[in-house]
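*Asks:* Handing you a structure now.
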Ligand code: NDP
């Protein structure tokens, strides 16, 4: 492994964030998964197959179901709460000191948890994220959340936030995949000891026919999804692919028995087109 000090050997392997908290390199995303059996089963399947990290957000409107899934997964597996890593995010409408504190309580209540492992500012809404960050600092100091961070922050947002922040964000979760490799942001984050985390690592399913990725996958007898997720890990980037299908939950995590060569890594890196599936953090209106 080139970019990390801790070896990444399995689904429970962790990176150590700047405050010493250990966060799994690999997790399950649950964007667009509605409350109900599918969500609960996906979380149970993920935990059963070794996942230890779940990524949700207030805006996904599924925190109650995520909480139910977590409770059932813990009781089935015999794991304890501290063996799971749970992330949620404060939505744009709730950015503000008091509003963000209240939004955090709402998320915790829905999840049925008494602390979060990671709480993120979901989007860098101009003029609002600094007050929200003060709230995250308060929650962190109170021990209600083990780590705090941001999402969809560009370099200039991070610089602006850090001008006044007492505590540096430990995470920046951004859209990142082979067509949006985020090299500059990755370098900046590394310099600042901010761990980068990839959302839509599979570009929401749009990369499976890519000829270069198919070629690399065939060479390693792996799927395109596995190649992409392995590429994230070898770059030292946390990854949280979403699937509700047990077979894909297993497949996506089956990335610890092969290694991409530096040539493979460069070939994938060269696919960058700065192409997004999600909104542009410098031009959004929500
Ligand atoms: P992903 O890139 O993870 O792709 C998910 C899609 O790919 C789903 O349609 C899934 O379908 C399909 N899929 C997953 N694995 C496979 C596979 N092995 N073979 C074929 N198809 C597969 O997209 P997401 O946008 O969901 O991103 C991941 C997570 O990142 C989210 O769930 C969320 O937690 C987070 N996120 C954060 C954002 C932010 O602003 N901070 C924004 C967007 C996402 P199926 O379920 O049917 O298998």
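What follows is calculated from the coordinates using simple rules that are stated; it is not laboratory data. Note that this is a predicted model, so its numbers are computed, not measured. With ideal geometry, Cβ positions are generated from the backbone for all residues, glycine too; neighbour counts draw on all protein chains shown.
*Asks:* Does residue 198 qualify as being in a helix (DSSP H, G or I) and farther than 18 Å from residue 263 by Cβ?
*Replies:* In short, no.
*Asks:* Limited to region 12-51, what total is found for residues that are within 15 Å of the ligand (Cβ to nearest atom) and within 23 Å of residue 189 (Cβ to Cβ)?
*Replies:* Residues flagged as within 15 Å of the ligand (Cβ to nearest atom) and within 23 Å of residue 189 (Cβ to Cβ) within region 12-51 amount to 8.
*Asks:* Just a yes or no: is a residue in region 269-277 within 22 Å of residue 25 (Cα to Cα) and touching a residue at least 12 places away in the same chain (Cβ under 8 Å)?
*Replies:* If we filter region 269-277 for residues that are within 22 Å of residue 25 (Cα to Cα), which is where we start, we get 269.
Pick out the ones that are also touching a residue at least 12 places away in the same chain (Cβ under 8 Å) and you get 269.
Yes, because at least one residue in region 269-277 is within 22 Å of residue 25 (Cα to Cα) and touching a residue at least 12 places away in the same chain (Cβ under 8 Å).
*Asks:* Going by what's in this entry, would residue 167 be described as closer than 20 Å to residue 88 by Cβ, touching a residue at least 24 places away in the same chain (Cβ under 8 Å) and surrounded by fewer than 19 Cβ atoms within 10 Å (Cβ to Cβ)?
*Replies:* On the way: closer than 20 Å to residue 88 by Cβ: yes; touching a residue at least 24 places away in the same chain (Cβ under 8 Å): yes; surrounded by fewer than 19 Cβ atoms within 10 Å (Cβ to Cβ): yes.
Criteria met by residue 167.
*Asks:* Out of the residues in region 228-252 meeting the condition of being near the ligand (Cβ under 6 Å from one of its atoms) and over 15 Å from the mean Cα position of the chain (by Cα), tell me which one is nearest to residue 268 (Cα to Cα). Write out each step before concluding.
*Replies:* In the first step, residues of region 228-252 are kept if they are near the ligand (Cβ under 6 Å from one of its atoms); the result is 240-245, 248, 251-252.
Going one step further and asking which of them are over 15 Å from the mean Cα position of the chain (by Cα), we end up with 244-245, 248, 251.
Values: 244: 26, 245: 26, 248: 22, 251: 20 Å.
Selected residue: 251.
*Asks:* Let me ask something additional. Test of understanding: among 78, 67, which residue is under 19 Å from the mean Cα position of the chain (by Cα) and over 22 Å from residue 279 (Cβ atoms)?
*Replies:* Unique residue meeting the criteria: 67.
*Asks:* Moving on. Going through 148, 155 one at a time, which residue ends up being surrounded by fewer than 22 Cβ atoms within 10 Å (Cβ to Cβ) and touching a helix residue (DSSP H, G or I) at 6+ places or on another chain (Cβ under 6 Å)? Lay out the reasoning, then the answer.
*Replies:* Details: 148 fails: surrounded by fewer than 22 Cβ atoms within 10 Å (Cβ to Cβ).
Exactly one residue qualifies, and that residue is 155.
*Asks:* So residue 101 ticks every box in (1) in a strand (DSSP E or B); (2) in contact with a helix residue (DSSP H, G or I) (Cβ under 6 Å, 6 or more places away or on another chain) but one. Which box is left unticked?
*Replies:* Of (1) in a strand (DSSP E or B); (2) in contact with a helix residue (DSSP H, G or I) (Cβ under 6 Å, 6 or more places away or on another chain), only one is false for residue 101: (1).
Yes/no per residue for (1) in a loop (DSSP other than H, G, I, E, B); (2) surrounded by fewer than 21 Cβ atoms within 10 Å (Cβ to Cβ):
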position: 18; (1), (2): yes, yes
position: 32; (1), (2): yes, yes
position: 38; (1), (2): no, yes
position: 45; (1), (2): no, no
position: 54; (1), (2): no, no
position: 71; (1), (2): no, yes
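*Asks:* Regarding region 101-109, can at least one residue be identified that is within 16 Å of the ligand (Cβ to nearest atom) and within 24 Å of residue 172 (Cα to Cα)?
*Replies:* Yes, that holds for at least one residue.
*Asks:* I've got another one for you. Can you find, within region 104-131, the residue that is surrounded by the fewest Cβ atoms within 10 Å (Cβ to Cβ) among those that are in contact with a helix residue (DSSP H, G or I) (Cβ under 8 Å, 6 or more places away or on another chain) and farther than 22 Å from residue 238 by Cβ?
*Replies:* Only one residue tops the list, namely 114.
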